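The values are calculated or read from the model by the stated rules, or taken from the named source; none is laboratory data. Computed from a prediction, not measured in an experiment: that's the story for all the values here. Ideal geometry is used to build each Cβ from the backbone, glycine not excepted, and the neighbour counts take in all protein chains shown. Side chains included, ligands, DNA and RNA excluded: accessible areas come from the protein's heavy atoms. Shrake-Rupley method; radii C 1.70, N 1.55, O 1.52, S 1.80 Å.
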Amino acid sequence: GIAERVITGIAEGCKDAGCALIGGETAEMPGMYESDDYDLAGFCVGAVERGGLLPTRDMVEGDVLVGLPSSGPHSNGYSLIRKLVVSSDTSYRDPAPFQPNISLGEALLTPTRIYARPALAAIRETGAVKGLAHITGGGLTENIPRCLPPHLAARIELNSWAIPRVFGWLQREGNVEAGEMLRTFNCGIGLVMVVDKQRPLSVLRKLRDMGEKPIIIGSLVPRQMNLPLYYAGSMMYQP
C-alpha cells in the first residue's frame, strides 16, 4: 500500500545519505484526511566539529562556484507545477511532453538527488570547499547568497550548463520569466559549492570519482550596490 511505498522510499533515501532511520509514528485522523490522503513530516540530526563548520571565513574574490546537477524540480515549485499542469490540459498519466517514454506524473516526481556522500567526500578529502548552498525554495537566486560574506557576490554564468527539458516545458507552459524561473526552480543545479580558487581541480576530480558530473557555474566577485548575486549570459535549454 501507500504506507509501504513511502517507508521504502524513505529507507532508500537514508541509504543514499549514509544515515539511519531510527524511529517513526503513524497517526490516523479520519476527520482530517480522505481515504487516499496522507501527510508526512520528518527531520534529521547531524553533528560537526566546531572547526569544520561551513561556510569558512576565508572566501575571496575568484573562488570558484561548482554546481552538481539536479534530477528535476526536486521538492520545490510544485504549487506552480500543479497549476501549469491543469492549465496545459495535460493529464499526469499522459506521456511527458519533454520525456515521452514515461508519464508526466512520473517525470515530475523523479526523486530528489541526495548529495551527502559526494559533498562530504569533497569536503573531507580536499580541504578546498569553503561553502555549500543546497538549491531548494528560492532557487539559485536566494540560496547561494546565504553562504557568502557581506563583501562578496556570486556571478553565475547561465550559459555554463544546459537547463533540463522539464524546466523548458514549465517555462513555456506558464510563460514564466527567466528571473522567476531562477527564483522558483533549481533549473538543473541542485547543490553549489564555493571552492578555493587555487584548488578547484582537486574538488572536481573527487566529485567525478564519486560519480558526479560537476560544472563550474561561476565565481565570487566584489559585491557592488549590495547585490549578492547576479547572472551573466542567457539560459540555454537542452534540445
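Please specify each residue of region 208-225 satisfying the condition of being farther than 27 Å from Gly168 by Cα and either open to solvent by less than 70 Å² (accessible area, probe 1.4 Å) or in contact with a strand residue (DSSP E or B) (Cβ under 9 Å, 6 or more places away or on another chain) (or both). Passing the criteria: Leu220, Val221, Pro222, Arg223, Gln224.
For region 175-197, the set of residues classified as open to solvent by 30 Å² or more (accessible area, probe 1.4 Å) and either of a type in the set (Lys, Arg) or over 19 Å from Ile156 (Cα atoms) (or both) consists of Asn175, Arg183, Lys197, listed by residue number. Residues that are surrounded by fewer than 19 Cβ atoms within 10 Å (Cβ to Cβ) and under 21 Å from Ser71 (Cα atoms) within region 146-173 comprise Glu157, Leu158, Asn159, Ser160, Ala162, Arg165, Arg172, Glu173, listed in sequence order.
Output the residues belonging to region 31-40 that are out of contact with any helix residue (DSSP H, G or I) (no Cβ under 8 Å at 6 or more places or on another chain) and either open to solvent by 100 Å² or more (accessible area, probe 1.4 Å) or touching a residue at least 12 places away in the same chain (Cβ under 8 Å) (or both). Correct list: Met32, Glu34, Ser35, Asp39.
I'd like to check something: does region 32-55 contain any residue that is in contact with a Gly (Cβ under 8 Å, 6 or more places away or on another chain) and either hydroxyl-bearing (Ser, Thr, Tyr) or under 26 Å from Gly139 (Cβ atoms) (or both)? The answer is yes, given that some residue of region 32-55 is in contact with a Gly (Cβ under 8 Å, 6 or more places away or on another chain) and either hydroxyl-bearing (Ser, Thr, Tyr) or under 26 Å from Gly139 (Cβ atoms) (or both). Only one of the listed residues (Leu191, Leu227, Leu207, Leu170) is closer than 24 Å to Ala119 by Cα and out of contact with any His (no Cβ under 9 Å at 6 or more places or on another chain). That residue is Leu207.
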